[in-house]
Every structure is written in structure tokens, then in C-alpha cells.
Amino acid sequence: MEKLTHKKILLGITAGIAAYKCPELVRQLVKAGTEVKIVMNQSAAQFVTPLSLQALSGQPVYTHLFSSNEHAMEHIDLARWADLILVAPATANFLAQHAHGLADDLLTTLCLAANGKLLFAPSMNQQMWKNAATQGNVSLLKTRGIQFAGPAEGEQACGETGPGRMLEPAELIQACEQMFTSGQLEGKTVLITAGPTQEAIDPARFISNKSSGKMGYALAEAAKSAGAKVILISGPVSLAPLTDVTTIQVDTAANMHHAVMKHVAITDIFISAAAVADYRPTTPAREKIKKSTSLINIEMTKTKDILQDVAARLNRPFCVGFAAETENLEQNALEKLRTKAVDMIAANWVGEVAQTQNTGFDSDNNSIHVFTTENNTLLRKTSKTKIAQQLIELITEKYYEKNPA
Ligand SMILES: Cc1cc2nc3c(=O)[nH]c(=O)nc-3n(C[C@H](O)[C@H](O)[C@H](O)COP(=O)(O)O)c2cc1C
């Protein structure tokens with residue numbers, strides 16, 4: 001929470017049903033030590049009263065572009081005052097307006113006049129969110145560097161279910177905090193591996209594992225948000241490609257090893273989040289194996305250990321490994337930390353334990369125990385996106401402890 005102390009946040013409220021969450025959001029922002037000014041358009045005042053927001057923020061609430069206030073150029077003053085402009089809820093109409101440079105009220109005008117950080121929290125009916133026009137506007141805004149918090153998926157006020165719910169106030173507070181941690185890895189290169197590898201048995205078959213790549217991709221996104229140049233070496237996954245992340249697609253453990261070694265010399269932080277095969281069939285069959293004998297043996301050879309090889313280099317980067325465990329999580333993680341001589345191990349449960357908690361492989365959630373030689377930290381169950389942000393924060397902290405800026 002300290003990250004928001006004394007920060008100036010301008011909260012823009014547009015006419016979405018989720019505006020009812022704004023008084024609680026304002027209360028939590030004020031509690032976090034933030035100075036909050038609120039600008040709402042006149043339609044938004046149908047959903048939440050300026051009076052309650054004024055009482056909670058302790059500041060006048062701005063509603064008009066042409067007001068009788070002492071400052072004629074209020075839209076410019078407010079835009080310059082804010083360390084962060086958070087628009088929550090951001091309606092489909094507001095996103096369309098800002099994507100196309102429209103400025104017909106105080107909020108849209110000051111957003112256009114802003115030269116700092118903008119964070120939009122969309123909130124709308126799921127079909128409005130999925131509409132190609134809205135998606136096009138969101139893509140356009142993202143290419144201009146505007147950050148988005150949410151939307152979440154679930155039951156909607158209109159009775160439908162799907163993506164479009166505004167994040168809860170506590171989640172929006174976290175998203176605001178994230179806006180003030182970004183930039184900490186400016187000028188640093190972070191190399192991340194993600195996903196499974198595939199080891200050929202014959203031309204038609206391979207041995208692989210259940211890794212979805214979601215954690216590695218979330219880490220790449222979080223490292224990018226923290227200002228790093230990110231190189232992602234990805235095994236075969238079915239995730240959308242990331243923008244502004246150099247992505248190298250590989251299939252086998254050997255190819256992943258090769259790609260990592262090619263880039264490691266320019267790397268400040270290496271995060272090994274991929275589930276790399278420990279063994280591969282020694283000699284994949286040249287032709288498809290026929291179903292004949294009742295038993296076949298496939299001889300397996302140990303693959304090269306990517307993390308260990310990176311950690312063993314002279315002038316090695318800060319090294320973070322992942323440990324996916326089905327038993328003895330702490331003991332195995334500490335063993336890995338010691339034998340591979342890395343800086344940090346992020347350990348998570350997979351298998352039955354993870355399934356009962358809806359975490360681990362292919363889940364959108366995770367819970368991670370982070371071990372270093374000095375201490376361990378539990379990152380409690382939340383979305384992989386948030387776990388990734390928290391882990392990048394921890395890595396950043398430890399990286400600078402070891403390499404003072
Ligand atoms: C009861 C009600 C709830 C609404 N909720 C939403 C919403 O959650 N998100 C949205 O994009 N539009 C919503 N709308 C439509 C907007 O209010 C409408 O598009 C309006 O023009 C948006 O204005 P603004 O973007 O200037 O605030 C709602 C309308 C009504 C009548």
C-alpha cells in the first residue's frame with residue numbers, strides 16, 4: 001500500500017453501472033494515503049452522487065468542462081496535477097471517444113490533455129466488450145501505451161455472464177500500485193522461458209507435459225510493464241502472442257537450451273519458467289512405430305539442464321528457477337536452490353494438490369512459495385497475472401540488493 005502514499009490520483013467516472021463501486025474505491029484510495037480528485041461526467045451522476053464522493057475524498061468533485069470555478073483551464077490543470085488518471089468504470093462509449101480523440105466533456109478533454117499515466121478499468125455488458133468496435137478501440141489504446149485493469153469475467157449486473165465486469169476496488173488499488181512500480185526494470189533485459197517442450201518418439205509422436213505457458217507469459221507481460229526489454233523463449237503453447245516482447249518459438253529441450261544460450265550474454269535476469277523435459281527418447285524412430293509387439297521400451301537420455309548451465313556461467317544473470325512439485329515442496333525447492341546455485345526458486349504445487357486448489361498447470365490461478373538463501377515468501381493464491389506482478393516485484397527487489405543501481 002505504501003506505493004500509493006502521497007500519490008495524486010485523478011479518478012474519472014463514466015456512466016457504467018459499476019460506478020456504484022466508486023465510493024468504496026475512493027475510500028480505499030484515501031486509506032492508502034492517496035490524494036484523490038474526482039471527475040465525473042453528468043451521465044455518471046445518474047449512478048453515483050457527487051456528494052458522497054466529495055464526502056469520501058474530501059475534495060470537490062468536478063463535473064463540468066465549462067464551470068464557474070476560478071481556473072478557466074481546469075482540464076489542463078487537472079491533467080497536469082495527476083500522477084495517475086484512473087478511469088473506472090470506463091464505458092464502451094468512453095473508450096471509443098478516447099480512441100478517436102473526442103473531447104466533449106471535462107473527463108474526455110483532460111484525458112486528451114494528459115501527458116502522464118492513464119489506466120482504464122473497462123466495465124460493460126459482455127457483448128459490448130466482445131464487440132469488434134470495442135476490441136478495436138482497446139487494441140488501439142494499448143498501442144498508445146494506455147494500461148488496462150480488467151475487465152474480469154463473471155456474472156454481470158444485466159444478468160448475463162462473460163467478460164466485462166469492472167475489477168473490485170481492492171484489485172484496482174493493486175493495479176494502481178503496479179503503475180507506480182513500473183519502470184523499475186528500465187534498461188534491463190529479462191530472458192524468460194515458458195511452456196512445455198516436446199521430445200520426438202517418432203515422426204508422429206512426442207513426449208511432453210501439461211505446462212500451458214500461462215505463468216511464463218504472465219511473467220513476460222509483468223516484466224515488460226516494469227520497463228524491461230523481454231526475450232521470451234516459448235515452447236509450443238496455444239496462447240496469444242505478446243506485443244512488444246521478442247518471442248522465439250522452440251519445440252525441444254535442446255532447441256530451448258540453444259536459444260537461451262544464444263541470448264544469455266545480454267541478459268540481466270533469467271527466469272526459467274518452462275517445464276523442460278528432463279529426458280528425451282535417445283534415438284527417435286525414423287518411421288512411425290507400428291502397433292505390433294505388446295511391449296516396447298523407449299530408451300531415454302537426460303537433457304541438458306538449462307537453468308544449471310546458465311547459473312554456472314561466469315558473469316551470469318540473476319537466476320530464478322521454477323519448481324513444480326507433487327510432494328516435499330519446501331525440501332525439493334531448497335535442494336534445487338542449493339544444487340543449481342541459483343538466486344531464487346519459485347515453487348508451486350502440481351498434480352492432485354494443485355487440482356484441488358485450482359492452481360498449477362493450465363489453471364489461470366497460482367500460488368507460489370518463493371525461496372532465496374535468506375528467506376521465503378508465500379505469494380497466496382490469485383490470478384497468474386497478479387502472481388507474476390508480485391514475483392517480478394520480488395525479483396526486482398532481490399536483483400537490486402545483489403546489484404545496487
Ligand atoms: C442502467 C444503465 C447501465 C449502463 N451500464 C453501462 C456499463 O456498465 N457500461 C457501458 O459501457 N455502458 C453502460 N450503459 C450505457 C452508457 O451509460 C451509455 O453508453 C452512455 O452514453 C455512456 O456515457 P459516458 O461514456 O459519457 O459516460 C448503461 C446505461 C444504463 C441506462
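Quick notes on this structure:
- Annotation: Ile85 fulfils all but one of (1) hydrophobic (A, V, I, L, M, F, W, C); (2) surrounded by fewer than 21 Cβ atoms within 10 Å (Cβ to Cβ); (3) away from the ligand (no atom under 13 Å from the Cβ); the unmet one is (2).
- So Pro163, is it within 20 Å of the chain's Cα centre (by Cα), part of a loop (DSSP other than H, G, I, E, B) and not charged (D, E, K, R): no
- Any hit, segment 97-104, residues being surrounded by fewer than 22 Cβ atoms within 10 Å (Cβ to Cβ), in contact with a strand residue (DSSP E or B) (Cβ under 8 Å, 6 or more places away or on another chain) and either free of Cβ contacts under 8 Å to residues at least 40 places away in the same chain or within 29 Å of Leu219 (Cβ to Cβ) (or both): no
- Those residues of segment 197-216 which are of a type outside the set (Ser, Thr, Tyr) and either in contact with a Phe, Trp or Tyr (Cβ under 7 Å, 6 or more places away or on another chain) or in a loop (DSSP other than H, G, I, E, B) (or both), in sequence order: Gln198, Glu199, Ala200, Pro203, Ala204, Asn209, Lys210, Gly213
- Scanning segment 187-207 for residues that are closer than 22 Å to Ala273 by Cβ and either among the β-branched types (Val, Ile, Thr) or at pLDDT below 90 (or both) yields Thr189, Val190, Ile192, Thr193, Thr197, Ile207.
- Of the helices (runs of 4 or more DSSP H) lying entirely inside segment 91-130, those containing at least 3 residues that are of a type in the set (A, V, I, L, M, F, W, C) and under 19 Å from Ile9 (Cα atoms) are 106-113.
- Search result, residues across segment 40-60 that are at pLDDT 90 or above, away from the ligand (no atom under 16 Å from the Cβ) and touching a helix residue (DSSP H, G or I) at 6+ places or on another chain (Cβ under 8 Å): Ser52, Leu56, Ser57, Gly58
- Residue count for segment 1-16, restricted to those that are within 16 Å of the ligand (Cβ to nearest atom), closer than 17 Å to Ala149 by Cβ and out of contact with any Leu (no Cβ under 9 Å at 6 or more places or on another chain): 1.
Conditions tested, residue by residue: (1) surrounded by 19 or more Cβ atoms within 10 Å (Cβ to Cβ); (2) touching a strand residue (DSSP E or B) at 6+ places or on another chain (Cβ under 9 Å); (3) not β-branched (Val, Ile, Thr).
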| residue | (1), (2), (3) |
| --- | --- |
| Pro241 | no, yes, yes |
| His257 | yes, no, yes |
| Thr282 | no, yes, no |
| Lys288 | no, yes, yes |
| Ser292 | no, no, yes |
| Ile296 | no, no, no |
| Asp309 | no, no, yes |
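- The residue list Ala55, Ala90 contains one member that is in the same structural domain as Thr134 (by TED's automatic domain parsing), surrounded by 15 or more Cβ atoms within 10 Å (Cβ to Cβ) and hydrophobic (A, V, I, L, M, F, W, C), which is Ala90.
- Verdict on Lys21 being in the same structural domain as Val61 (by TED's automatic domain parsing), closer than 22 Å to Phe94 by Cβ and among the basic types (Lys, Arg): yes
- Selection count where residues are in a loop (DSSP other than H, G, I, E, B) and surrounded by 18 or more Cβ atoms within 10 Å (Cβ to Cβ), scope segment 7-34: 6
- Residue within segment 148-158 that is away from the ligand (no atom under 16 Å from the Cβ), surrounded by fewer than 20 Cβ atoms within 10 Å (Cβ to Cβ) and at pLDDT below 95 present: no
- Residues that are within 16 Å of the ligand (Cβ to nearest atom) and not hydrophobic (A, V, I, L, M, F, W, C) within segment 17-39 comprise Tyr20, Lys21, listed in sequence order.
The values are calculated or read from the model by the stated rules, or taken from the named source; none is laboratory data. Model, not experiment: these values are computed from the prediction. Positions of Cβ are generated from backbone atoms using ideal geometry, with glycine treated the same way; all protein chains shown enter the neighbour counts.
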